[in-house]
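Read-outs: derived from the displayed coordinates by stated rules, not from any lab. What you are looking at is a predicted structure, and each value in this text was computed from that prediction instead of being measured. Note: ideal-geometry Cβ built from the backbone for every residue, glycine included; neighbour counts use all protein chains shown.
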Amino acid sequence: MLKEFREFTMRGNVLDLAIAVIIGGALGKIISSLVSDILMPLIGLGLGGVNFSEKAITVGGAVVKWGAFLQAIIDFLIIALVIFLIIKGVKALKKAPPPADATTRECPYCFSTIAIKATRCPNCTSEIT
C-alpha cells in the first residue's frame, strides 16, 4: 500500500499540482503584503491620509470592515492579473505545431476536393496531371 501511495504521489500531475499550490500560496502572501503594506498606504496618502485597514461601519451590533474588504478585492485583482500575465507568457513561449502535409488538392476543372495522389477527378472524370 505504501508503494502504491508513493507511485500515486510521484505521478506528474499530482506533483505539479502540489508545487502549484505551494507557489500559489507564497504568491498570495507576497501580493497581500504588497497591497496592505505598500499600495493601500499610498492610496490612503493620496486620499488625505486615510488608513483603509481601520475603516469600518457599525450596523446594530455588527462591525462591517469595508476597508479590509477593499484590500481583499485589490489582492484578488492583482493576483488575477499576475496569473493572466503568466499564462499569456507561457502560451507565447509554446511553439505552434508545424502544419500537416496536405492530403487533398483541388481539381483544376471542377474545383472539387480530391486526393493528392488522384490521377482522375471522381466528380468530373477529368484526367489530372
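Extension gain for Ala18-Arg120 works out to 30.9 nm (0.36 nm per residue, less the C-alpha to C-alpha distance).
Within the chain, the proportion of Cα pairs with more than 17 Å between them is 77 percent. Under 5 Å between amide hydrogens, built in the peptide plane, is the criterion, and for Val50 it picks out Leu45 among residues at least 5 positions away or on other chains. When the chain is treated as a Gaussian network with alpha carbon springs shorter than 10 Å, the biggest mean-square fluctuation among Gly48, Gly60, Gly28 belongs to Gly60.
Taking packing as the residue-averaged number of other Cβ atoms within 10 angstrom, the listed peptides 104-113, 91-100 run from highest to lowest as 104-113, 91-100. Listed values for segment 85-91 are Karplus-derived 3J(HN,Hα) couplings in whole Hz (6.51 cos²θ - 1.76 cosθ + 1.60, θ = phi - 60°), namely 5, 5, 5, 5, x, 5, 5, and x replaces Gly and Pro. Sequence-ordered 3J(HN,Hα) estimates for segment 53-60 from the Karplus curve with 6.51, -1.76 and 1.60 and θ = phi - 60° stand at 5, 9, 6, 7, 10, 10, 10, x Hz, glycine and proline given as x. For a straight C-alpha distance cut-off of 21 angstrom, the lysines reachable from Lys65 (same-chain residues fewer than eight places away being disregarded) are Lys29, Lys55.
Computed from phi, the 3J(HN,Hα) profile of segment 120-128 under the Karplus parametrisation 6.51, -1.76, 1.60 (θ = phi - 60°) reads 9, 6, x, 8, 9, 6, 6, 7, 10 Hz, with x in place of Gly and Pro.
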